[in-house]
1. Quick one: would you say S171 is among the polar types (S, T, N, Q), more than 14 Å from the ligand (Cβ to nearest atom), surrounded by fewer than 21 Cβ atoms within 10 Å (Cβ to Cβ) and touching a residue at least 24 places away in the same chain (Cβ under 8 Å)?
2. Pull up the range 177-202, narrow it to residues that are more than 17 Å from G140 (Cβ to Cβ) and within 14 Å of the ligand (Cβ to nearest atom), then point me to the one that is farthest from the chain's Cα centre (by Cα).
3. Identify all residues within the range 130-149 that are surrounded by 12 or more Cβ atoms within 10 Å (Cβ to Cβ) and assigned to a loop (DSSP other than H, G, I, E, B); write none if there are none.
4. Any chance you could count how many residues in the range 55-81 are surrounded by 13 or more Cβ atoms within 10 Å (Cβ to Cβ) and either assigned to a loop (DSSP other than H, G, I, E, B) or of a type in the set (G, A, S) (or both)?
5. Condition check: part of a helix (DSSP H, G or I), among the small types (G, A, S), over 18 Å from M128 (Cβ atoms) and modelled with pLDDT of 95 or more. Does A176 satisfy that?
6. Scan the range 28-54 residue by residue and report those that are closer than 20 Å to M1 by Cα, open to solvent by less than 40 Å² (accessible area, probe 1.4 Å) and within 16 Å of the ligand (Cβ to nearest atom).
7. Tally up the residues in the range 101-129 that are surrounded by 22 or more Cβ atoms within 10 Å (Cβ to Cβ), in contact with a helix residue (DSSP H, G or I) (Cβ under 7 Å, 6 or more places away or on another chain) and either among the charged types (D, E, K, R) or farther than 20 Å from E58 by Cβ (or both), please.
8. Scan the range 15-42 for residues that are hydroxyl-bearing (S, T, Y) and within 19 Å of L196 (Cβ to Cβ) and jot them down.
Amino acid sequence: MVKAGLIENISGIYKRLSHAAMRAGRNPGDVLLIAVSKGVSVELMREAAEAGLRVFGESRVQEAVKKAAELETASSGIRWHMIGHLQKNKAGAAVGLFELIHSLDSVELASLINRHASGKGKVQRVLMEVNLSGERSKHGIGKDEIGSLIKAAAKMENISVEGLMTIPPYSDDPEASRPYYKELKELADGYGLRELSMGMTGDFEVAVEEGATMVRVGTAIFGERIKANIGE
Ligand SMILES: *Cc1c(COP(=O)(O)O)cnc(C)c1O
């Protein structure tokens, strides 16, 4: 049985997401809700899946691999997205599991992903993580590096660069994210990239208004995480 609170949370997010899309003249169905489940128990994830959520975002490969085994990914129709920084030594395991890696941030990582994907006979879909704020604590490439990374990846047969992802500086004010999301959208359009992974619990409506094709929402679905447990 899915707990009423979880259904409230999820349906509340869909409602807010739909409103934001319609305000911007967009089809709500064009925005994928990724349930960010880092630090969330498999039991709670199972309930979320029962309530219809199928796409989970994780920031650590090992945690995702372990949960995927417990959740019987193959038969449950659950899909996994890597939203955290990907260490090079985890590229192989990541390629084995994730439908989309949101955090490509170097040519070296691209060629590792490509090699592992080739070995598995798969084309790995990726987004490039762009650091628009210049904060040193953040991963991601600078906007001036997008073109060269696209060019390098275009020569690799088993990796497909489909869009951009960004994490704006933390703020209590959702409007503070808007300029970053506007800029990411302009960059993606400029490079002819379709997917835009932007927006979290605090600002996903703003992100949808600015063109997000996927939002990464954790806290608003599952409640507060214990930050110490997930290396934030
Ligand atoms: C944790 C995380 C999220 C979700 O954050 P919430 O504020 O809980 O919605 C989204 N994106 C990334 C990259 C994250 O690490």
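1. Details: among the polar types (S, T, N, Q): yes; more than 14 Å from the ligand (Cβ to nearest atom): no; surrounded by fewer than 21 Cβ atoms within 10 Å (Cβ to Cβ): yes; touching a residue at least 24 places away in the same chain (Cβ under 8 Å): yes.
No; evaluated as a whole, the condition is false for this residue.
2. The residue in question is G202.
3. Across the range 130-149, the qualifying residues are N131, L132, S133, E135, K138, H139, G140.
4. Within the range 55-81, residues that are surrounded by 13 or more Cβ atoms within 10 Å (Cβ to Cβ) and either assigned to a loop (DSSP other than H, G, I, E, B) or of a type in the set (G, A, S) (or both) number 8.
5. Numbers: part of a helix (DSSP H, G or I): yes; among the small types (G, A, S): yes; over 18 Å from M128 (Cβ atoms): yes; modelled with pLDDT of 95 or more: yes.
Against the criterion (part of a helix (DSSP H, G or I), among the small types (G, A, S), over 18 Å from M128 (Cβ atoms) and modelled with pLDDT of 95 or more), A176 qualifies.
6. Answer for the range 28-54, where residues must be closer than 20 Å to M1 by Cα, open to solvent by less than 40 Å² (accessible area, probe 1.4 Å) and within 16 Å of the ligand (Cβ to nearest atom): A35, S37, V40, M45, A48, L53.
7. 1
8. Selection gives S18 alone.
The values are calculated or read from the model by the stated rules, or taken from the named source; none is laboratory data. Bear in mind that the values here come from a model prediction, so they are computed numbers and not experimental data. Don't worry about glycine lacking a Cβ; one is built from the backbone with ideal geometry, like all the others, and counts go over all protein chains shown. Side chains included, ligands, DNA and RNA excluded: accessible areas come from the protein's heavy atoms. Shrake-Rupley method; radii C 1.70, N 1.55, O 1.52, S 1.80 Å.
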